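Working notes for the structure below.
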Amino acid sequence: MIAVWFVVLAVGILGTAVASRRAVNAALQVVEATKFSPALVGLTVMSIGTDLPEIANSIVATATDHGDVNVGDSMGSVLTQITLILGILCLASPSIKAERNFVISIGAASFFAAVVVWVFTQDGNLSRFDGAVLILLWFGGTVLLGHEELRPNSMAEKRGTAAPRNVVVTLFWLALVGAFAIAVIRSFLELAEAFSIPEFVGSFIALSLGTSLPELAVDWTAIRRGASSMAIGGIFGACFVDSTLSVGIGPALFGSAVSDDVLLGVGLAAAAMAIATILVARSRRFDWRLGSTLIAIYVSVQLVVVVS
């Protein structure tokens, strides 16, 4: 049976790569047909779409009384995306560019949200109220940050009527990305159980890595298409979604008990978010130095979680 799950894993990864390419193509057409900046599309459409696995997992995990899995997956994804994923992209493509003010704004918002999650989990519970607050933080933050990215001087010359259709097409392909990612997640979980990996450690490391695969695939495709600002917007936007909407939607519906094990992971994810934001904001080049540093942060945090 283990061999079967390895096959499912391979198919899921391949499907994620194909669907992500289609999603980026459609998203780029949205950018070309509207006044929306690539960073804004990354912050909204792309980040939510690539976070569908985390969102689905949040609902399923809390509904089945696995609160640690929800928190571990969502906050582990924050760590994975802002360090490992961004680090890999820096190593693979040093031509990445990002707007400093945007990075600082969304990075600070994600760090604040992660701290809120850490505070909420101190009592061993994520209540419906806690979940609702996190969802409101996501909505309010997205509106404020998105408003900053609406620039009249960057409006496209051709508006056409294709934009709404391309948004739907983008979401369709992103949904397929999520579907294939769920296959990756399921196979990861089955393999983790087969090798007796603890629940929180498995979700914070293995499951979050699986749910972050769509982000890597989508952002890599965007960078290859010359839309690096969309990729950066997608990464930072996904971190914001994970630390608000994703981790909050399950508890908002069902409420959730969590163990003390989540506190260390959430705290380290918040710290990594702050450090990575500072490094990215101060970097003039997204080269191997930045990439290596981010990956080193990821490895260090995961080692602490495993040892603890």
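The values are calculated or read from the model by the stated rules, or taken from the named source; none is laboratory data. Please read these numbers as outputs of a predicted model, since none were measured by experiment. In this analysis, Cβ positions are derived from the backbone assuming ideal geometry, glycine residues included, and neighbour counts consider all displayed protein chains.
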Task: Every residue from segment 266-290 that is at pLDDT 95 or above and of a type in the set (G, A, S) - done: G267, A269, A270, A271, A272, A274, A276
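Restricting to segment 264-299, and then to whatever is in a helix (DSSP H, G or I) and of a type in the set (D, E, K, R), can you tell me which residue is nearest to D130 (Cα to Cα)?
R282
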TODO: Name every residue in segment 224-239 that is buried (at least 24 other Cβ atoms within 10 Å of the Cβ) and either out of contact with any Ser or Thr (no Cβ under 7 Å at 6 or more places or on another chain) or within 12 Å of M46 (Cβ to Cβ) (or both), in order of residue number.
DONE: M230, A231, I232, G233, G234, I235, F236, G237, A238
Task: Residues of segment 248-263 classified as in a loop (DSSP other than H, G, I, E, B) and either crowded, with 23+ Cβ neighbours inside 10 Å or of a type in the set (F, W, Y) (or both), total - done: 1
TODO: Return a yes/no flag: does segment 204-218 have any residue that is farther than 27 Å from V306 by Cβ and of a type outside the set (D, E).
DONE: yes
